[in-house]
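K.L.:
Quick one: structure below, then a few questions.
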């Protein structure tokens, strides 16, 4: 009995520790975003805004009013959604082949995906920078969508292959015996079974693209295509030697909202997707 | 082992390839072609281009002065102390962060594994650092460590509140590593949790009956059975850490000698337009990732097929 | 309703291994035929060729006299129950059963009527709105059968349908399948590795090993007249005892002694050297509980272990055999998916027998029922006697 309560207390403590670990920095940046800019310039140490240093929603109003920032959000959403959609479609085809068909070169596909997943992206920005300028897609949405697709493909292919292997493909045969054509079997049985996996892969792909920084700063030069992480890092405000920390924090919070929403709604799926792609006996 | 087995059965298989399997082959090639093309377009092709450009003295600001210099760029890079300092930084960051992520991540995984309540809460919390933009995490920690606006100095007992974390190499590195560890430990924990879930419960009960203490169960039953999961997690994270860039860019911008090898490459190419030497650095970076990957696979005998079979 | 004819069916995989080799089986209209054999014997592959999920390498598959080798599964109009039931997890029980009808674009009323009828037959009425994940194994099994019976299919095909159920439920479902088949009078091909299912369900049973048909016969014939060592060892539980034997002068010599043999059997086995004798456990008896005992057919043996089951009991008698014989017995056990640890005799005794463990017991042996096999070919030399 004593052991039992002890371990229960330990688990509860561990739980508290995990939650604090994960959320403290997030709480901090939220708190910072409510400090007024004067307070930050004059120095306002401490976790919470204090001594009249609170700014209310002012920083958020300023951020949303900022054209650069609005454009960056728009770029990020557009680019990431397009890249995610394309990447997931292409990865679905590939994962289907990997999970379902016997073919020469399956190993090659998986190895390529593995190598690309480990690729040092920075080593590509030089040549890509050069190539994209030649093709005329430097500093455009397409210039980012293409590398985002390629670098999210391995993740999507792995996750989807893992999901597809779990689908009871016997169903497809059962449907054929039940009188379905190949297309009907796919449409009425396989699609509903595969949809959750595809959706999960899409979320992970979106995270990946949304998080990118290297391509974002290297392959853009203006706000035409600059995504939000790059825009945040280039955001210096009026005084280049003293960055407007609280304004940046407000921007960061805004950029984090989509992630938090996705996590809140789909946490179970995301965890399944993350681990399905990586570990499994 | 597997490759030899395969080559021996292959000729027999090919000889009898039926129409059906040939059709299957064709369909599969069509299905995987777009993905392969796209992945190679953005990696293999630029990499070859980098290989080519690295043989030239080539600056974007003076594109007409491009001259062939052979391996001169590589010699320049390899004989430059900066290259070695940044490589050392990178390896240092990789080793320290992966170590802490592994230890803390495992502790988290153990807690999550035991948990019967509040699972949703923990899952949500743990996914937030994973999902958050690295740049944002960099900012959050930079401001947290800041001596004008941060809270870290206030919260650490006996700490001089004016201490400037970014004014000195070791403390700046520490700040960078904290941000990296914070962001990626949850991912590690999730991978380890999945591995932990695969250790059969009855095996642990058998160990208990056999008289193993908690510590012995951990070292002799749980860890050996999680070997594959741990190794895959370490490999993923180590290679990821070796590419560290975003946090450094945001937090120190390379000041106090905290540059990583990725950062050096980036600076040469994008900021200084030195495409020749930059390309040489790109190739070296790529090669060093290969070396690290190979080293880890060999050192820990990681079974990649375990990961790939997923 | 239809007859299914398999003519010289061969299935060869890419690596040249014949999973099914030259199998010919005629299934008459309304007949219940079992395909039985250890794992990897090709029984499931054969079933999947009937339904059209596997290509046929050579040979002809005829349903109702029509060659169906090149027809897609959906054009063969057969219903199949899969081993894992293959229920569509995203559909309710009702929709699972209705699925084939919806594909056939039947009217709403007709679908509803047929689904309700099937659900009544299978006692599924209260589960119609549930998803398969919330059903027990037996319920899933019934849903799978429901999906098969709404079809008006030409034949039913079952692929090890009971192997995922526990023993008690398996017995119940076995009776249920038998009753259903008799009521509908539908041609049925049923794959199993379980010899009890094979014996109880089938009008005729096809025993397969390594892709080759060993014997196709009624359950009684399989039991009483097995064509070879494999069939003899596979059919029956506990299995037939195999003992090294030599036949000379109308006498058979077994490890326990020499006994008189009926003349016709002795004649066929005479002068063939070392043979393999097959004796079923029930052809031994405790001599002390028998009314009139032929003393020439008795022997004493040391009883090692005794299992009392209420209505009968089994006794185990270990014996020593030469290495060669042991190897052959082991090989035989392996082919039948079993594992033999030691050479021993299994003896079925009357429940009245008072023999106890570690006793020397006097046992009688019914040599009229002995089968004698050629150990090199496995052929039953005494078939038909």
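No lab work stands behind these numbers, since they all come straight from the coordinates. Predicted, not measured: the structure shown is a model, and the values here were computed from it. Glycine gets a Cβ as well: all are built from the backbone with ideal geometry, and neighbour counts include every protein chain shown.
K.L.:
What is the P(r) of the protein assembly as shown, as percent of Cα-Cα pairs per 10 Å bin from 0?
P.N.:
For the protein assembly as shown, the pair-distance distribution reads 2, 9, 15, 17, 16, 14, 11, 8, 5, 3, 1, 0.
K.L.:
If each residue's Cβ is checked for other Cβ atoms within 10 Å, how do C:317, A:177 rank with the fewest at the top?
P.N.:
Values: C:317 21, A:177 29.
Least crowded to most crowded, the residues run C:317, A:177.
K.L.:
Assuming a ≥ b ≥ c are the square roots of the Cα gyration tensor eigenvalues, decide whether chain C counts as rounded (a/c under 1.5), prolate (otherwise, with a/b larger than b/c) or oblate. If you can, show how the numbers build up before the last one.
P.N.:
Values: a/c = 2.77, a/b = 1.85, b/c = 1.50.
Verdict is prolate for chain C.
K.L.:
Taking chain A as the reference, fit the longest principal axis to its C-alpha atoms, fit the long axis of helix A:191-211 to the helix C-alpha atoms, and give the angle between the two in degrees, 0 to 90, nearest 10.
P.N.:
The two axes meet at around 30 degrees.
K.L.:
Quick one: among C:211, C:273, C:40, which has the greatest mean-square fluctuation in a GNM of chain C with alpha-carbon springs under 10 angstrom?
P.N.:
Looking only at C:211, C:273, C:40, the biggest GNM fluctuation is shown by C:273.
K.L.:
Hey, another quick one. Would you mind giving the average projected area, over all directions, of the Cα convex hull of segment C:176-258 in nm² with one decimal? Can you show the working numbers first?
P.N.:
Details: hull surface 29.2 nm².
Its average projected convex-hull area is 7.3 nm².
K.L.:
Please label the shape of chain A as rounded, prolate or oblate, based on the square roots a ≥ b ≥ c of the eigenvalues of the alpha-carbon gyration tensor (a/c under 1.5 means rounded; beyond that, a/b larger than b/c means prolate, else oblate). Could the numbers behind the result be given before it?
P.N.:
Working: a/c = 2.44, a/b = 1.41, b/c = 1.73.
Oblate, because a/c is 1.5 or more while a/b does not exceed b/c.
K.L.:
Moving on. Could you work out how far the C-alpha centroid of segment C:170-194 sits from that of segment B:174-210, in angstrom?
P.N.:
Using only Cα atoms, the two centres lie 49 Å from each other.
K.L.:
Calculate how large, on average over all directions, the projected area of the Cα convex hull of segment C:230-373 is; give the answer in nm² to one decimal. Please list the in-between numbers first.
P.N.:
Numbers: hull surface 34.3 nm².
Projected area, direction-averaged: 8.6 nm².
K.L.:
Here is a follow-up. I'd like the FRET efficiency for residue B:253 and residue C:237, computed as 1/(1 + (r/R0)^6) with the beta carbon distance as r and R0 of 56 Å, rounded to 0.05.
P.N.:
Values: r = 79 Å, r/R0 = 1.41.
Working from the Cβ atoms, E equals 0.10.
K.L.:
Let me ask something else. Can you compute the FRET efficiency between residue A:260 and residue C:108 using 1/(1 + (r/R0)^6), with r the Cβ-Cβ distance and R0 = 56 Å? Round to the nearest 0.05.
P.N.:
Numbers: r = 46 Å, r/R0 = 0.82.
With a Förster radius of 56 Å, E is 0.75.
K.L.:
Of the candidates B:101, B:271, B:259, which one comes out as most mobile in a Gaussian network treatment of chain B with C-alpha springs shorter than 10 Å?
P.N.:
B:271
K.L.:
Still on this model: Take the Cα atoms of segment C:92-147, find their three principal axes, and give me the spread along each one in whole Å, biggest first.
P.N.:
Sorted from largest, the Cα extents of segment C:92-147 read 30, 18, 17 Å.
K.L.:
Once the Cα atoms of helix A:106-117 and of chain A are each reduced to a long axis, what angle between those two axes, in degrees from 0 to 90 to the nearest 10, is obtained?
P.N.:
Once rounded, the angle reads 0 degrees.
K.L.:
Can you give the helix-only mean residue ellipticity at 222 nm for chain C, where every DSSP H stretch with n ≥ 4 adds -39500 (n - 2.57) and the sum goes over all residues, rounded to the nearest 500 deg cm²/dmol? Intermediate results must be reported in sequence, preceding the final value.
P.N.:
Working: 10 runs with 104 residues, N = 385.
Taking each H run of at least 4 residues, the total per residue is -8000 deg cm²/dmol.
K.L.:
Right, here's the next one. Stretch residue C:70-residue C:183 to full length: gain in nm at 0.36 nm per residue minus the Cα-Cα span?
P.N.:
In short, 37.5 nm is gained.
K.L.:
How long are the semi-axes of the equivalent ellipsoid of segment B:163-228, taking √(5λ) for every eigenvalue λ of the Cα gyration tensor, in whole Å from largest down? All intermediate terms of the calculation are to be shown ahead of the outcome.
P.N.:
Working: eigenvalues 296, 38, 11 Å².
That gives 38, 14, 8 Å for the three semi-axes.
K.L.:
Neighbouring Cβ atoms within 10 Å as the yardstick, rank A:29, C:355 fewest first.
P.N.:
Values: A:29 25, C:355 20.
Ordered by Cβ neighbours within 10 Å, fewest first: C:355, A:29.
K.L.:
Got a sec? How would A:65, A:35 order by Cβ neighbour count within 10 Å, fewest to most?
P.N.:
Details: A:65 9, A:35 25.
Starting with the residue having the fewest Cβ neighbours, the order is A:65, A:35.
K.L.:
Continuing with this model, one more query. Nearest 500 deg cm²/dmol is fine: what mean residue ellipticity at 222 nm does chain B get from its DSSP H runs of n ≥ 4 alone, each adding -39,500 (n - 2.57), divided by its residue count? Show your work: numbers first, answer last.
P.N.:
Working: 15 runs with 221 residues, N = 310.
It comes out at -23000 deg cm²/dmol, rounded to the nearest 500.
K.L.:
OK, next. When the Kirkwood hydrodynamic radius is evaluated over all pairs of different C-alpha atoms of segment C:34-79, what value in angstrom, to one decimal, is obtained?
P.N.:
On the way: mean 1/r = 0.0887 Å⁻¹.
Hydrodynamic radius (Kirkwood, Cα only) of segment C:34-79 equals 11.3 Å.
K.L.:
Would you mind checking the radius of gyration and Dmax of segment C:223-269 based on alpha-carbon positions, in Å?
P.N.:
12.1, 32
K.L.:
Measure nothing fancy, just the Cα-based angle from helix C:108-121's long axis to the longest principal axis of chain C, in degrees from 0 to 90, nearest 10.
P.N.:
Once rounded, the angle reads 20 degrees.
K.L.:
Also, quick follow-up: If R0 is 30 Å, what FRET efficiency do you get for residue C:354 and residue C:296 from their C-beta distance, rounded to 0.05? Don't skip to the end; give the middle numbers.
P.N.:
Working: r = 24 Å, r/R0 = 0.79.
Computed FRET efficiency for residue C:354 and residue C:296 comes out at 0.80.
K.L.:
Further question on the same structure: What translational diffusion coefficient, to the nearest whole µm²/s, does segment B:81-309 have by Stokes-Einstein, given a Kirkwood radius computed over alpha-carbon pairs, a temperature of 25 °C and 0.890 mPa s viscosity?
P.N.:
Working: Rh = 19.6 Å.
Translational D for this selection: 125 µm²/s.
K.L.:
Give me the one-decimal nm value for the distance between modelled label points at residue B:272 and residue C:169, 7 Å along each residue's Cα-to-Cβ direction.
P.N.:
Here the modelled spin labels are 7.2 nm apart.
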